[in-house]
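Data block below; observations after.
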Amino acid sequence: MSDKAAIMESLKKAVETWDIKLAETAAKQALDAGIAPGDAVENGLGKGMETISNLFDEAKIFLPQVLAASAAMEKALSIFEPVMTKGATASRGTVVIATVLGDIHEIGKNVVAAMLKGAGYNVVDLGRDVPPEKFIEAAQENNADVVGASALMTTTVVVQKDIVDLLKEAKHPAKTIFGGAPASAEWVESIGGDQYCPSGAEAVEMVNNLVKG
Ligand code: B12
């Protein structure tokens, strides 16, 4: 196995075995080996989280293990984040982003926020469990070009529609981009949103297109 493949495997394994120490060392190794943080997140840590999702779906593991796996992923992300956001000039536009009301899943949103910062966007991250009104207030206060919202549950994805409706009501020109497991291109189209985004890897290009278009 090449060094890179071995490091990717360690990142995956760190999440799968909720090994915070391994997450830390593998993340540092990835940076030393010149692996792009986005690549490490999507193809290393992200693959580990896929395993965790599947095991959870199959009831082979339970919430405490998912939480532990999340902690390992967050440790590695905390090492990648400064590198991902370094050199950002914050001149390409402003993106307001958060996880919607009732939903505390924030790993995916954090990955996307870091990638957008790294690509030179001014990112206003409102956190998680954020009411739709707050997205609109932040869009107005910051003259946002794009509003992004993450929802990971079938019960919370409906809040994405409230965001579109409230932006229209406020006549705010920001474009919208939505992600998370229960969202889809069809869903985003049905609520009058502008873009569905399935992964962090595609987020920057999609936001670039929204800002241009
Ligand atoms: C990790 C996890 C947790 C962690 C979250 C830790 C944290 N700090 O975020 C913890 C343990 C806390 C948790 C709690 C719960 N969870 Co949970 N969780 C997951 C799990 C396994 C993985 C999510 C994840 O982090 N993935 C990794 C990231 C990198 O991927 P991602 O989120 O998909 O994001 C990427 C893309 O989707 C996209 N994207 C996402 N959002 C956005 C937004 C924008 C703007 C853009 C551009 C792109 C984008 O880009 C991201 C980066 O690549 C999912 C399973 C799944 N399939 O999603 C269940 C899952 C979402 N959870 C679920 C449930 C039910 C819960 C709980 C209700 C459990 C409980 N009984 O308490 C609670 C939720 C409480 C609440 N009110 O929110 C269910 C939801 C089912 C449903 N109804 O739809 C799932 C689907 C598991 C399952 N199969 O049952 N969970």
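A few notes on this one:
- Remark on region 74-171: Rg and Dmax equal 13.5, 40 Å (Cα only).
- Vicinal HN-Hα couplings computed from phi for region 72-81 (Karplus, 6.51 cos²θ - 1.76 cosθ + 1.60; Hz; Gly/Pro x): 5, 5, 5, 4, 5, 4, 5, 7, 6, 4
- Degrees separating the helix 107-118 axis from the principal Cα axis of the chain, which is the longest one: 80 degrees
- Computed from label points 7 Å out along Cα-Cβ, the spacing between Asp3 and Glu141 is 4.5 nm.
- Helix axis angle, 132-142 relative to the chain longest principal axis, alpha carbon, degrees: 80 degrees
- Between 0 and 90°, nearest 10: helix 46-57 axis offset from the chain longest Cα axis: 90 degrees
- 11 Å beta-carbon shell around Thr25, net charge (K/R +1, D/E -1): 0
- Relative contact order (percent, whole number), the chain, Cα cutoff 8 Å, 6+ residue spacing: 16 percent
- Pairwise alpha-carbon distances in region 3-85 exceed 22 Å for 18% of all pairs.
- Taking amide H positions as modeled 1.01 Å from N, with prolines and chain starts lacking one, the residues under 5 Å from Tyr196 and 5 or more places away or on another chain are Phe178.
- Per residue, in Å², the accessible surface of the chain once ligands and nucleic acids are set aside, probe 1.4 Å: 49 Å²
- J(HN,Hα) series, region 92-104, from Karplus relation 6.51 cos²θ - 1.76 cosθ + 1.60, nearest Hz, glycine and proline x: 8, x, 10, 10, 8, 9, 5, 9, 6, 3, x, 10, 9
- Amide H contacts of Val124 (H built 1.01 Å from N, under 5 Å, at least 5 apart or other chain): Val95, Val96, Ile97
- For the pair region 142-168 and region 187-201, the centres of their Cα atoms are 10 angstrom apart.
- Close amide H pairs (under 5 Å, H built 1.01 Å from N) link Lys175 with Val146, Val147, residues at least 5 positions away or on another chain.
- The chain, accessible surface, carbon-and-sulfur percent (1.4 angstrom probe): 53 percent
- Listed residues Thr51, Thr176, Thr99, most fluctuating in the chain (Gaussian network, C-alpha, under 10 Å): Thr51
- Highest mean packing comes first when the peptides 187-195, 75-83 are listed by Cβ atoms within 10 Å, giving 75-83, 187-195.
- C-alpha center-to-center spacing [region 103-127, region 40-69] in angstrom: 20 Å
- Three semi-axes of the equivalent ellipsoid, the chain, Cα gyration tensor, whole Å, largest first: 30, 20, 13
The values are calculated or read from the model by the stated rules, or taken from the named source; none is laboratory data. Values in this document were obtained by computation on a predicted structure and should not be read as measured data. Using ideal geometry, Cβ is built from the backbone for each residue, glycine included, and neighbour counts are taken over all protein chains shown. Side chains are part of the model used for accessible areas, which takes the heavy atoms of the whole protein and leaves out ligands, DNA and RNA. Shrake-Rupley method; radii C 1.70, N 1.55, O 1.52, S 1.80 Å.
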